[in-house]
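Asker: One structure is given below, represented as structure tokens, and several questions about it will come after.
Throughout, read-outs are computed from the coordinates displayed, never taken from laboratory work. Computed from a predicted structure; not experimentally measured. Note: ideal-geometry Cβ built from the backbone for every residue, glycine included; neighbour counts use all protein chains shown.
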Amino acid sequence: MTVMLRNDDMLSETEVQAARVDLAASFRWFARLGMHEAVANHLSVAVSKDGSKFLMNPRGRHFSRVRASELLLLDSADQATLKRSDAPDPTAWFIHGRLHALLPEARCVMHLHPTYTTALAGLDDSTMYPIDQNTMRFYGRVATDPDFGGMALANEEGDRLAGVMGTKPILMMGNHGVTVTGPSIAAAFDEMVYFERAAQTLMIAYASGRKLRVAPDDVARLTAKQWLDYPHLADDHLAEVKAILDREAPDYRQ
Ligand SMILES: [Zn+2]
């Protein structure tokens with residue numbers, strides 16, 4: 001007879017199921033926006049209060065086909081994870097597992113290589129200069145890692161990235177891409193979409209060859225705060241995305 005141990009640290013079954021659906025919707029939408037790289041890149045969400053247990057995409061699944069039920073439930077303390085028959089992608093395991101373990105307040109961790117963000121990450125100066133409302137949203141909220149050292153294949157890389165990130169919600173990864181964290185899936189999803197949009201605007205402005213009109217610090221700081229204080233934006237965003245998927249691709253919930 002199997003004894004079911006109750007784990008007081010875990011979120012409720014209803015909460016975990018809701019997280020599965022929200023994360024699956026995020027994969028589908030990043031695919032539609034062209035922000036994915038087929039079966040690479042990863043999104044994860046903590047499902048225990050200490051952040052040690054989390055959901056993440058299964059290895060080898062295209063973003064456009066991810067379903068709620070197939071998201072892997074992983075434990076960052078489980079050393080045998082990479083030996084599982086359904087083992088996750090090793091680079092994702094080493095980064096997301098350590099970020100969730102070290103940053104329990106960052107409930108959701110999204111790592112992508114979207115085109116414009118990655119182009120900005122390839123510049124000598126990857127600063128998201130405040131030149132419009134979207135770029136101003138990220139003023140003072142981005143840590144930059146200039147020390148890309150190849151693909152992450154050890155815990156040390158996740159630990160190093162958590163250290164560089166510190167208390168910032170977003171990590172611009174030089175020569176690589178971006179990692180966004182948030183207190184919820186909706187929050188991280190919204191940040192990621194807007195970060196890529198902001199990078200697109202900045203890169204197109206750079207491509208003009210003309211001098212940027214960089215906003216003064218106080219204006220950029222005020223606008224960033226206004227974004228953070230604006231009610232319901234992230235939740236409304238993901239709710240609409242799910243409403244569209246419910247009509248056009250409802251299997252993401254399965
Ligand atoms: Zn990457």
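Asker: Going by a ≥ b ≥ c, the root eigenvalues of the Cα gyration tensor, does the stretch 45-85 fall in the rounded group (a/c under 1.5), the prolate group (a/b larger than b/c) or the oblate group?
Answerer: oblate
Asker: Using the count of nearby Cβ atoms within 10 Å as a rough guide to exposure, how do MET173, MET110 rank from fewest to most? Mind showing how you got there, number by number?
Answerer: Values: MET173 24, MET110 27.
Ranking MET173, MET110 by Cβ neighbours within 10 Å, fewest first, gives MET173, MET110.
Asker: A follow-up question, please. Once you have a ≥ b ≥ c as the square roots of the Cα gyration tensor eigenvalues for the stretch 133-254, tell me rounded if a/c is under 1.5, and otherwise prolate or oblate according to whether a/b is larger than b/c. Write out the running numbers ahead of the final one.
Answerer: Working: a/c = 1.62, a/b = 1.11, b/c = 1.46.
Cα axes put the stretch 133-254 in the oblate bin.
Asker: Step through the residues of the stretch 102-119 one at a time and calculate ³J(HN,Hα) from phi using the Karplus curve (6.51 cos²θ - 1.76 cosθ + 1.60, θ = phi - 60°), rounding each to whole Hz and writing x for Gly and Pro.
Answerer: With the stated coefficients, the stretch 102-119 comes to 8, 10, x, 6, 7, 5, 10, 10, 10, 10, 9, 10, x, 3, 6, 4, 6, 4 Hz.
Asker: Hey, another quick one. Give me a comma-separated list of calculated 3J(HN,Hα) values for the stretch 53-59, in order, Karplus coefficients 6.51, -1.76, 1.60 applied at θ = phi - 60°, integers in Hz, x for any Gly or Pro.
Answerer: Per residue, the Karplus-derived 3J(HN,Hα) values read 9, 8, 9, 8, 5, x, 5 Hz.
Asker: Counting pairwise Cα distances across the stretch 1-82, what percent come out greater than 18 angstrom?
Answerer: Within the stretch 1-82, distances greater than 18 Å cover 46 percent of Cα pairs.
Asker: Hey, another quick one. With +1 on each Lys and Arg Cβ and -1 on each Asp and Glu Cβ, and nothing else charged, work out how big the dipole of the chain is about its Cα centre, in Debye to the nearest 20.
Answerer: Taking the Cα centre of the chain as origin, the dipole is about 440 debye.
Asker: For the stretch 133-194, place one equal point scatterer on every Cα, skip the solvent, and apply the Debye formula. What is log10 of I(q)/I(0) at q = 0.15 Å⁻¹?
Answerer: So the normalised log intensities are -0.48.
Asker: Suppose the chain between ASP236 and SER208 were pulled fully straight at 0.36 nm per residue; how much longer would it get relative to their current alpha carbon spacing?
Answerer: Fully extending the segment from ASP236 to SER208 adds 6.7 nm.
Asker: Hey, if you put +1 on the Cβ of every Lys and Arg and -1 on every Asp and Glu Cβ in the chain, which of ALA224, MET128, SER64 ends up farthest toward the positive end of that dipole?
Answerer: Of the listed residues, the answer is SER64.
Asker: Which of rounded, prolate, oblate describes the stretch 1-142, given a ≥ b ≥ c as roots of the alpha-carbon gyration tensor eigenvalues and a/c under 1.5 marking rounded, otherwise prolate only if a/b is larger than b/c?
Answerer: Prolate, since a/c reaches 1.5 and a/b exceeds b/c.
Asker: If you build a Gaussian network model of the chain, linking Cα atoms that sit under 10 Å apart, which residue out of ASP89, ASP218, ASP125 swings the most?
Answerer: Highest fluctuation of the listed residues: ASP218.
Asker: Relative to the compact globular guide of 2.2 N^0.38 Å, what is the alpha carbon radius of gyration of the stretch 59-200, as a ratio?
Answerer: For the stretch 59-200, the normalised Cα radius of gyration is 1.05.
Asker: Along the charge dipole of the chain, pointing to its positive end and built from +1/-1 on Cβ of Lys, Arg, Asp and Glu, which listed residue (TYR116, ALA188, ALA77) has its Cα farthest out?
Answerer: Of the options given, the answer is TYR116.
Asker: Still on this structure, I have one more. So what does the Cα-only Debye profile of the chain read at q = 0.13, 0.16, 0.17 Å⁻¹, as log10 I(q)/I(0), no solvent term?
Answerer: Log-scaled intensity ratios, in q order: -0.81, -1.22, -1.37.
Asker: Grab the other residues whose beta carbon is less than 12 angstrom from that of MET173, score K and R as +1, D and E as -1, and report the net.
Answerer: Surrounding charge for MET173 is -2.
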